[in-house]
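Scroll down for the structure; my scribbles are underneath it.
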Amino acid sequence: MGHLQRLLALTGLLLLCACTLPRYQDAEPRYSLPVRGQSNVRAIVYLEPVFKGKRFDEVVSDNVTGVFWNPDESRKIGFTQNYAEIVPKILPAFALESTLPYNIGLGRVASGDSSMALDRIKVDSRIMIPFGFYISRNLEHLLTTSAPNSKLCFDTQCVENSKVSMPSAVVATVRFTKTSVSEDKPNRLTLIVEGDVVIQGVTDARKQVQLRHEIVERHIASEGYRHSDFLRVMDKMANEISSVIASQIITSAL
């Protein structure tokens with residue numbers, strides 16, 4: 001293909017993609033660590049609201065707004081790509097690439113030096129992770145398997161009712177101070193969850209345990225370059241970090 005034809009083809013492709021494309025799927029929490037043995041300890045685990053009066057499992061984080069409450073979006077995971085903003089920036093680079101002989105251009109792509117290499121193109125994206133839903137469901141699964149006589153609560157009324165029915169239970173109050181998603185490098189995601197859990201036994205003194213886990217710069221295309229591959233990686237990351245946090249909570253409480 002001639003240089004002009006290649007440039008026109010690339011331009012047409014960019015103009016075709018110069019829009020906002022939402023890519024979301026249902027969130028699928030799955031505990032991904034070895035399951036602990038069962039404990040006879042009774043625990044009331046209270047996931048304290050991040051927003052007053054709003055359930056923790058309806059809290060969502062993205063790289064644009066930060067942390068917010070949205071019951072509808074709390075059951076979805078994915079991203080929205082805005083190609084329109086990058087077209088004026090990368091057309092000159094594509095024009096330069098199109099003037100190179102075919103064998104040189106192919107070698108640049110193979111070596112990652114091409115302007116058209118995936119890791120060199122930063123598409124403006126909104127990347128959304130429903131941390132509240134993933135953490136809550138993975139924690140719920142772990143409680144069911146490791147401490148079946150325990151209770152997971154999302155409000156103080158549930159805690160008080162559970163104290164009446166389980167007077168000997170340990171109360172674990174979980175407070176999250178950070179749930180973030182970022183893309184500091186093109187196509188590499190960083191997820192961070194931080195917080196603490198305060199344990200109060202019937203007779204024991206209170207103790208506080210720190211919670212933290214991070215996944216740093218995981219390549220979103222590590223399993224392929226289709227949108228379904230990106231979503232699969234995001235889902236695995238969300239389950240990985242949520243499983244670790246759930247395990248930290250249960251370990252501190254039991």
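Key figures
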{"item": "Count of residues meeting criterion [touching a helix residue (DSSP H, G or I) at 6+ places or on another chain (Cβ under 6 Å) and surrounded by fewer than 17 Cβ atoms within 10 Å (Cβ to Cβ)] in segment 40-74", "result": "1"}
{"item": "Cross-chain or 6+ apart pairs with Cβ under 6 Å, segment 153-175 first and hydroxyl-bearing (Ser, Thr, Tyr), then surrounded by 15 or more Cβ atoms within 10 Å (Cβ to Cβ) and assigned to a strand (DSSP E or B)", "result": "Ser162/Ile44; Ser162/Lys151; Thr173/Tyr46; Thr173/Val198"}
{"item": "Test for Leu4: is it at pLDDT below 50, exposed (fewer than 13 other Cβ atoms within 10 Å of the Cβ) and assigned to a helix (DSSP H, G or I)", "result": "yes"}
{"item": "Ile215 closer than 19 Å to Val64 by Cα, surrounded by fewer than 21 Cβ atoms within 10 Å (Cβ to Cβ) and either aliphatic (A, V, I, L, M) or without any contact (Cβ under 8 Å) to a residue 12 or more places away in the chain (or both)", "result": "yes"}
{"item": "Subset of segment 161-181 (residues that are modelled with pLDDT under 95 and in a helix (DSSP H, G or I))", "result": "Ser162, Lys163, Val164, Ser165"}
{"item": "Qualifying residue in segment 19-40 (condition: over 23 Å from Val181 (Cβ atoms) and at pLDDT 95 or above)", "result": "no"}
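The values are calculated or read from the model by the stated rules, or taken from the named source; none is laboratory data. None of the values given here were measured: they were computed from a predicted structure. Virtual Cβ from ideal backbone geometry, glycine too; neighbours counted across all protein chains shown.
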